[in-house]
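First the structure, in the form of structure tokens, and then the observations on it.
The values are calculated or read from the model by the stated rules, or taken from the named source; none is laboratory data. Worth saying up front: this structure is predicted, and the values here are computed from it rather than measured. Cβ placement follows ideal geometry from the backbone for every residue including glycine, while neighbour counts extend to all protein chains displayed. Surface areas here come from the heavy atoms of the whole protein model, side chains and all, with no ligands, DNA or RNA. Shrake-Rupley method; radii C 1.70, N 1.55, O 1.52, S 1.80 Å.
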Amino acid sequence: MNSYVEADPYSYPYNGDLHPENTALVIIDMQNDFCGFGGYVDKMGYDLSLTRAPIEPIRRVLETARARGFHIIHTREGHRPDLADLPANKRWRSARIGAGIGDAGPCGRILVRGEAGWEIIPELAPLPGEVVIDKPGKGSFYATDLDLILQQKQIVNIVLTGITTDVCVHTTMREANDRGYECLLLSDCTGATDYGNYLAALKMIKMQGGVFGAVAQSAAFIEAIQ
């Protein structure tokens, strides 16, 4: 029996083939550095409430998805302690705005693997056995084994949540779409440091009949899988 999520601009997935075995909930970069007090985003001076807004909606989706046996995948952006995987221009840009990657911050060295700021926030902490992807860039496929894991688990549907909508989430969605994965972004489960960018990112997904996939509210996804 086919199952669909009420979404825009089309009901998701396109073929109605939605079940726990072939679908993954992907939670992108819900780390202390991005939505925790004293982290990278906070240190840059952005409104932290915008990146913290998705926490509770994601928690509800995560609870339901776990109970229904869906695949759960978490991602973390961060760099090696020796910064060998940090491009010089990325480091320069971060230092230019006062939050240099690798520099000391209130949550340890900013965006460095193993530091407190790099860890996923306690509210959404991975359970034992859940996949955690550590990535050095914005997209979750670049320089990671995510694609291999998805193929091995025979996952074809990806439900995207996390931060930020316009950068890491959007990059991951575009990468996944190019690889043939059927993508759904849950709009209230994501956020950006700029609300205008958040709205623009949602609009871009829905253009051309859903050029990168579809967009839905978390309540619609929860209703479809219960």
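A few notes on this one:
- Test: residue 130 is touching a residue at least 40 places away in the same chain (Cβ under 8 Å), open to solvent by less than 50 Å² (accessible area, probe 1.4 Å), among the charged types (D, E, K, R) and in contact with a strand residue (DSSP E or B) (Cβ under 8 Å, 6 or more places away or on another chain): yes
- Candidates are the residues of region 71-82 that are touching a strand residue (DSSP E or B) at 6+ places or on another chain (Cβ under 9 Å), assigned to a loop (DSSP other than H, G, I, E, B) and open to solvent by 20 Å² or more (accessible area, probe 1.4 Å); the one that is nearest to residue 155 (Cα to Cα) is 80.
- Residue within region 22-43 that is among the acidic types (Asp, Glu), surrounded by fewer than 20 Cβ atoms within 10 Å (Cβ to Cβ) and out of contact with any Cys (no Cβ under 7 Å at 6 or more places or on another chain) present: no
- Hey, residue 58 within 25 Å of residue 137 (Cβ to Cβ) and buried (at least 19 other Cβ atoms within 10 Å of the Cβ) or not: yes
- Restricting 190, 172 to those that are under 15 Å from the mean Cα position of the chain (by Cα) and assigned to a strand (DSSP E or B) reduces the list to 190.
- Among the residues of this structure, residue 12 does not count as one that is open to solvent by 20 Å² or more (accessible area, probe 1.4 Å) and more than 15 Å from the chain's Cα centre (by Cα).
- Region 100-119 - residue that is assigned to a loop (DSSP other than H, G, I, E, B) and out of contact with any strand residue (DSSP E or B) (no Cβ under 7 Å at 6 or more places or on another chain) and, of those, farthest from residue 136 (Cα to Cα): 107
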